[in-house]
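Below: one structure in structure tokens.
The values are calculated or read from the model by the stated rules, or taken from the named source; none is laboratory data. Just so we're clear, the structure is a prediction, and the values are computed from it rather than from any experiment. Cβ atoms come from the backbone with ideal geometry, glycine included; neighbour counts cover every protein chain shown. Remember, those area values only see protein heavy atoms, side chains included, never the ligands or the DNA or RNA. Shrake-Rupley method; radii C 1.70, N 1.55, O 1.52, S 1.80 Å.
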Amino acid sequence: MGEKGGKRESSLIALSLSSTTTTTTIPMIPMPYKGVDLFVLDVWNENGNLSGGKGYLGAGFSRYSTATALEEEPIKPAVQVEHTQLLIGGKFVDALSGKTFPTLDPRTGEVIAHVAEGHSEDVDRAVAAARKAFDQGPWPKMTAYERQRILLRAADLLEKHNDELAALETWDNGKPYEQSAQIEIPMLVRLFRYYAGWADKIHGMTVPADGQYHVQTLHEPIGVAGQIIPWNFPLLMFAWKVGPALACGNTIVLKTAEQTPLSALYAAKLFHEAGLPEGVLNVVSGFGPTAGAALASHMDVDKLAFTGSTDTGKVVLELAARSNLKPVTLELGGKSPFIVCEDADVDQAVELAHFALFFNQGQCCCAGSRTYVHERVYDEFVEKAKARALKRIVGDPFKSGIEQGPQIDSEQFEKILKYIRSGVQSGATLETGGDRLGSKGFYVQPTVFSNVEDGMLIAKEEIFGPVQSILKFKDLDEVIERANNTRYGLAAGVFTKNIDTANTLTRALRVGTVWVNCFDTFDAAIPFGGYKMSGQGREKGEYSLKNYLQVKAVVTPLKNPAWL
Amino acid sequence: MTALSNGHAANNSSLFKIPPIKFTNLFINGHFVHSLSGNEFETIDPRTGEVIAKISEGRKEDIDVAVKAAREAFDNGPWPRMSGAERAKIMMKWADLIEENLEELAALDAIDAGKLYHLVKVVDIPAVANCLRYYAGAADKIHGEVLKGAREFHAYTLMEPIGVVGHIIPWNFPSTMFAAKVSPSLAAGCTVVLKPAEQTPLSALFFAHLAKQAGIPDGVLNVVPGFGPTAGAAISSHMDIDKVSFTGSTEVGRAIMHAAASSNLKPVSLELGGKSPLLIFDDADVDKAADLALLGILFNKGEICVASSRVFVQEGIYDEFEKKLVEKAKAWVVGDPFDPQSQQGPQVDKNQFEKILSYIEIGKQEGATLLTGGKRVGNKGYYIEPTIFSNVKENMRIAQDEIFGPVLALMKFRTIEEGIKSANNSRYGLAAGIVTKNIDTANTVSRAIRAGIIWINCYFAFGNDIPYGGYKQSGFGRDFGMEGLHKYLQVKSVVTPIYNSPWL
């Protein structure tokens, strides 16, 4: 089956540009995972025709076939759940209250495991452990070289346990296993190696003051970092937060999403195996209003980083303000435009726009959820976008070749279906999809709306699901204005061959990332974050280090300096 | 036989089993090959003057083959076309392999250069692995900048690998210098032709073998042992080498720069000689200062370009300092470098040995007072006593020339200004040390001394992240740190007009 199960790619960039070729040609379309087109073709070949077998290719006009496979028994994941307790001070412990909560399999809604539920008093314990590990060491007192070595060893262990981590991730989250195993875990490893390399390159400056002074800036670790991460990319969000904080010498209390607590516990255990001192990385599973709020308002947490919804981000910022004024980094929602210009190769644009929206079941904060298409190519685009959505392979994420698994939980599932109904009611044209798939779990049909207007709810609000909205535009100034007419500003896609168009759009769009002729091209070195209500601060890249450093200016007079 | 204070524990190879020498040929395009001429030279054990091994002698025609391989690897090979992260992975693997072969590599440097085995094992070889890891971590952090155009322009810089780099390294730190040159150039995406010193070719060839095992593609790293006037000259004057980096004497540095200028104007970086001052102020802890001064001159037998070969002591503590220094020098243990009790092994070869002894004679003739040392130790090999001169005048040759041996010139000063002036009275400017508790003194002297690295209350404090290089005739360019990487990069500015930009 072609490339399936072949070489693991270390980054999405490597997916868009072949890593071995010496003549890298752009643009190329990044695939959700290597050989996705091959998967489609293989299903065609296996079944011989579109409607046969148990593929999810859509039986003629009755979309997505009968989804028979969804009625089959779910595939059993090849991993055991070993860790369900809180990780505090280097030890797995129960919650003080003794409470647990169930984490569910989104394929079925059934319980995977009962997980210790951290509350305010558990957060207190975790912060105390982190405080001690910061104030007394050894972590921040180690040489940066030693911190680097521990992070590198941790990366090696994560790489060694690729398949278990990937299975846990898919089981808890519902994302395709091949996506977990071939993209996300290798990316996780890449992120920690990247940050390991930063540990000994965190430079302050010497500063030329106006006067006879010797001035230096020291870049010091900020202290105890509170980190709250979402459920859509549990391990990648873990790495975006934990990587820079550890490289800079901080200690951490991390709260995972209640939907996906499992993989972070496993990963954190590997960090301890790699030699991370106890208390440096504490993981508290729990809910936002209890554990999350306790962390955000804690008087002994020096820094807070949050990724999640804009509404929750506001609460987090308020709690930080009301407690100890801790600085806050926020990565929040988005309604990112994907702009297809008139000179675009329509087939490529369709594939990329499809990927931009449907990747990870549409559960990406930077999903290209407003597809603006130039009027000259609009009709062709809509037709092909619909056809592509119809071909999308939805099913048990552990099954080989699956492009789309279930949504994370019933709440999201219901919310998405509600938005779909709203789209229909507001007069958008439902081209395909629009309903659940199968009768159990949280599968949603790949859904495409055309004739979407800017004022419709589906064009304004973050749906966080497999719902593509296609809008028509006439000229560049118009699309710039419309693309920017949103409270969000996370990302944008620009599809054009014209360098001037690309440059104009790039500078005019008020977003934190512009992908030109690509989308979701993430790498450890590329900063990511939002304008406007999509958040503040940047993660990844050198910029992310700033979130976890204090700058101390040191000033002393100079006597008879040889130069100034 | 135990090592004696200022005496010589006669060569006793039973102290350590010298590993068989595995690699003696040129390493070109991923393979060990004989030199085209078939010529060989002998590499000598400085403990005895005996031959360790015969090494293929690379000459101009071998350099040509190596450059061709490096050129091909750069122009058409995978190395500069990999992501920095991929290069980093291979370099990390290489570092691991070096650690796995720690003892054998340490033995090679000890036997080839007369370095203390126990120090090479815990310092030099681990430093190679650490340096590789540092630059592996830098390979994916080579950032250009997006610039402010003067008008409606979008402009940015690309930091591109410079191409084929020629490295010529010295014999005093064969492994450390190898790492300092090769790691950043590989991280940058360059390919390399490296000539180790003819005195110490062994470890570089072993490193090359491990590089291949780690997955460094063929042609990316080529190691050609040979002599300066033939192989070295061929590198510095080669029309197809894009950059040459040299560490060695000022005299040879001048020749290399000349050859680069008269060939293809390749940029040159030079780490050359030094006559580094150590200034010890009245408020210093005399005992600690004497330890530092002694280490500063005797570490690696004084064969280190940053040796504190001029020690200036403020008059208030001068007498006490001189007494302690001499006592400590007399207790210093010279002996077989494989004896863990030895603090100082033999000089690298006969030439250096004789040069040092002749400078000691010059010092006496010029009227300096020989406080201790001054003679060879034992009657075999190239061991020399720790030697201290007092009553040295700034214009004496022992205060101006780089001796590159265990010979310290002790001088007295009165005021800070006088100390600074004397310290700067040198054609060199590599390093300087300051011993004081006073922050103002430390800051004033730090800024005033024209040298590339200043150590305050420490000496030889090197680090992968700390750039290091010279002022004046100590050379130009920096090794280590991100500075050490930038010299292997070209800066390309890319400019294009923009239209209707909402900001400029």
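Give the number of residues within segment B:362-379 that are more than 13 Å from B:Val334 (Cβ to Cβ) and modelled with pLDDT under 95.
So the count comes out to 1.
If you scan segment B:401-432, which residues turn out to be within 14 Å of chain A (Cβ to nearest Cβ) and of a type in the set (Ser, Thr, Tyr)? Step through it out loud before you land on a result.
Within segment B:401-432, the subset within 14 Å of chain A (Cβ to nearest Cβ) is B:415-421, B:423-424, B:429, B:432.
Selection gives B:Thr415 alone.
Give me the pairs, please: first residue somewhere in segment A:430-447 and open to solvent by less than 10 Å² (accessible area, probe 1.4 Å), second residue anywhere and of a type in the set (S, T, N, Q) and in a loop (DSSP other than H, G, I, E, B), beta-carbon distance under 9 Å, and either six or more positions apart or on two chains.
Close Cβ pairs satisfying both conditions: A:Thr432/A:Gln445; A:Gly433/A:Gln445; A:Leu437/A:Gln445; A:Gly441/A:Thr108; A:Gly441/A:Gln407; A:Tyr443/A:Gln407; A:Val444/A:Gln407.
So which residues in segment A:194-236 are assigned to a helix (DSSP H, G or I) and either without any contact (Cβ under 8 Å) to a residue 60 or more places away in the chain or away from chain B (no Cβ under 11 Å) (or both), if there are any at all?
Within segment A:194-236, A:Ala196, A:Gly197, A:Ala199, A:Pro234, A:Leu235, A:Leu236 meet the criteria.
Has segment B:259-273 got any residue that is among the acidic types (Asp, Glu) and surrounded by fewer than 23 Cβ atoms within 10 Å (Cβ to Cβ)?
First, pick out the residues of segment B:259-273 that are among the acidic types (Asp, Glu): B:271.
Subsequent filtering for residues that are surrounded by fewer than 23 Cβ atoms within 10 Å (Cβ to Cβ) retains none.
No.
Could you check B:Glu483 against (1) open to solvent by 40 Å² or more (accessible area, probe 1.4 Å); (2) part of a loop (DSSP other than H, G, I, E, B); (3) within 14 Å of another protein chain (Cβ to nearest Cβ); (4) out of contact with any strand residue (DSSP E or B) (no Cβ under 8 Å at 6 or more places or on another chain) and say which number it fails?
Failed condition: (2).
Let me ask another. What are the residues in segment A:480-496 that are more than 10 Å from every other protein chain (Cβ to nearest Cβ), in a helix (DSSP H, G or I) and open to solvent by 20 Å² or more (accessible area, probe 1.4 Å), if any?
A:Glu481, A:Arg482
Of the numbered conditions (1) assigned to a loop (DSSP other than H, G, I, E, B); (2) open to solvent by less than 50 Å² (accessible area, probe 1.4 Å); (3) within 21 Å of A:Tyr145 (Cα to Cα), B:Ala451 satisfies every one except a single condition; which is it?
(3)
I need the full set of residues from segment A:271-300 which are in contact with a strand residue (DSSP E or B) (Cβ under 7 Å, 6 or more places away or on another chain) and small (Gly, Ala, Ser), in order please.
A:Gly279, A:Ser285, A:Gly286, A:Ala291, A:Gly292, A:Ala296
Given the criteria surrounded by fewer than 20 Cβ atoms within 10 Å (Cβ to Cβ) and not assigned by the TED database to the domain that holds A:Lys440, does A:Leu104 qualify? Outline the logic, then answer.
On the way: surrounded by fewer than 20 Cβ atoms within 10 Å (Cβ to Cβ): no; not assigned by the TED database to the domain that holds A:Lys440: yes.
Spelling it out, it is not the case that A:Leu104 is surrounded by fewer than 20 Cβ atoms within 10 Å (Cβ to Cβ) and not assigned by the TED database to the domain that holds A:Lys440.
So how many residues does segment A:439-461 have that are basic (Lys, Arg) and either touching a strand residue (DSSP E or B) at 6+ places or on another chain (Cβ under 8 Å) or under 22 Å from A:Thr310 (Cβ atoms) (or both)?
First, the residues of segment A:439-461 that are basic (Lys, Arg): A:440, A:460.
When the remaining residues are screened for being either touching a strand residue (DSSP E or B) at 6+ places or on another chain (Cβ under 8 Å) or under 22 Å from A:Thr310 (Cβ atoms) (or both), the result is A:460.
The qualifying residues number 1.
Among the residues in segment B:82-94, are any more than 29 Å from B:Ser342 (Cβ to Cβ), without any contact (Cβ under 8 Å) to a residue 24 or more places away in the chain and in a loop (DSSP other than H, G, I, E, B)?
Checked against the condition, which is being more than 29 Å from B:Ser342 (Cβ to Cβ), without any contact (Cβ under 8 Å) to a residue 24 or more places away in the chain and in a loop (DSSP other than H, G, I, E, B), segment B:82-94 yields no hits at all.
Check segment B:56-68 and report whether any residue there is more than 14 Å from chain A (Cβ to nearest Cβ), open to solvent by 20 Å² or more (accessible area, probe 1.4 Å) and in contact with a helix residue (DSSP H, G or I) (Cβ under 7 Å, 6 or more places away or on another chain).
Within segment B:56-68, one or more residues are more than 14 Å from chain A (Cβ to nearest Cβ), open to solvent by 20 Å² or more (accessible area, probe 1.4 Å) and in contact with a helix residue (DSSP H, G or I) (Cβ under 7 Å, 6 or more places away or on another chain).
Return the residues of segment A:533-564 that are within 14 Å of chain B (Cβ to nearest Cβ), among the β-branched types (Val, Ile, Thr) and either open to solvent by 30 Å² or more (accessible area, probe 1.4 Å) or out of contact with any strand residue (DSSP E or B) (no Cβ under 6 Å at 6 or more places or on another chain) (or both); say none if nothing qualifies.
A:Val554, A:Val555
Based on this model, can you work out whether B:Glu160 counts as within 13 Å of another protein chain (Cβ to nearest Cβ) and either of a type in the set (Phe, Trp, Tyr) or in contact with a strand residue (DSSP E or B) (Cβ under 8 Å, 6 or more places away or on another chain) (or both)?
Judged against the criteria, B:Glu160 is not a match.
Right, here's the next one. With the requirement that a residue be more than 13 Å from chain B (Cβ to nearest Cβ) and either open to solvent by 30 Å² or more (accessible area, probe 1.4 Å) or not in a loop (DSSP other than H, G, I, E, B) (or both), what does segment A:497-516 give you?
As a first pass, look at segment A:497-516 and keep what is more than 13 Å from chain B (Cβ to nearest Cβ): A:497, A:512-513, A:515.
Result: A:Lys497, A:Thr513, A:Trp515.
Could I ask something else about it? Looking only at segment B:134-189, count every residue that is touching a residue at least 12 places away in the same chain (Cβ under 8 Å) and outside any loop (DSSP other than H, G, I, E, B) and tell me the total.
Of the residues in segment B:134-189, 36 are touching a residue at least 12 places away in the same chain (Cβ under 8 Å) and outside any loop (DSSP other than H, G, I, E, B).
Any residue at all in segment A:238-245 that's part of a loop (DSSP other than H, G, I, E, B) and crowded, with 24+ Cβ neighbours inside 10 Å?
Initially, segment A:238-245 is screened for residues part of a loop (DSSP other than H, G, I, E, B), giving none.
Scanning segment A:238-245, I find no residue that is part of a loop (DSSP other than H, G, I, E, B) and crowded, with 24+ Cβ neighbours inside 10 Å, so the answer is no.
Here is a check on your reading of the model: is A:Arg376 open to solvent by less than 20 Å² (accessible area, probe 1.4 Å), within 23 Å of A:Val346 (Cβ to Cβ), outside any loop (DSSP other than H, G, I, E, B) and of a type in the set (D, E, K, R)?
So A:Arg376 does not fit the description; no.
In addition: Of all residues in segment B:455-478 being within 18 Å of A:His203 (Cβ to Cβ), of a type outside the set (Gly, Ala, Ser) and out of contact with any Asp or Glu (no Cβ under 6 Å at 6 or more places or on another chain), which is least open to solvent (accessible area, probe 1.4 Å)?
Among residues in segment B:455-478 that are within 18 Å of A:His203 (Cβ to Cβ), of a type outside the set (Gly, Ala, Ser) and out of contact with any Asp or Glu (no Cβ under 6 Å at 6 or more places or on another chain), the one least open to solvent (accessible area, probe 1.4 Å) is B:Asn464.
For the subset of segment B:128-157 comprising residues that are more than 11 Å from chain A (Cβ to nearest Cβ) and among the small types (Gly, Ala, Ser), which member is least open to solvent (accessible area, probe 1.4 Å)?
B:Ala155
A follow-up question, please. Inside segment B:217-258, can you point out the residues that are in a loop (DSSP other than H, G, I, E, B), of a type in the set (A, V, I, L, M, F, W, C) and open to solvent by less than 10 Å² (accessible area, probe 1.4 Å)?
B:Val220, B:Val224, B:Ile241
Which number in (1) away from chain B (no Cβ under 14 Å); (2) open to solvent by less than 10 Å² (accessible area, probe 1.4 Å) marks the one condition that A:Tyr177 misses?
Only one criterion is unmet by A:Tyr177, namely (2).
Only one residue in B:Thr441, B:Thr436, B:Thr496 is touching a His at 6+ places or on another chain (Cβ under 7 Å) and either open to solvent by 70 Å² or more (accessible area, probe 1.4 Å) or touching a residue at least 12 places away in the same chain (Cβ under 8 Å) (or both). Which one?
Going through B:Thr441, B:Thr436, B:Thr496 in turn, the sole match is B:Thr496.
Something else about it: Could you please let me know if B:Val348 is more than 27 Å from B:Ser249 (Cα to Cα) and open to solvent by less than 50 Å² (accessible area, probe 1.4 Å)?
no
While we're on this one: Check B:Glu402, B:Glu394, B:Glu418 and return the single one that is more than 21 Å from B:Lys350 (Cβ to Cβ), outside any strand (DSSP E or B), touching a helix residue (DSSP H, G or I) at 6+ places or on another chain (Cβ under 8 Å) and not aromatic (Phe, Trp, Tyr).
Of B:Glu402, B:Glu394, B:Glu418, the one residue that is more than 21 Å from B:Lys350 (Cβ to Cβ), outside any strand (DSSP E or B), touching a helix residue (DSSP H, G or I) at 6+ places or on another chain (Cβ under 8 Å) and not aromatic (Phe, Trp, Tyr) is B:Glu394.
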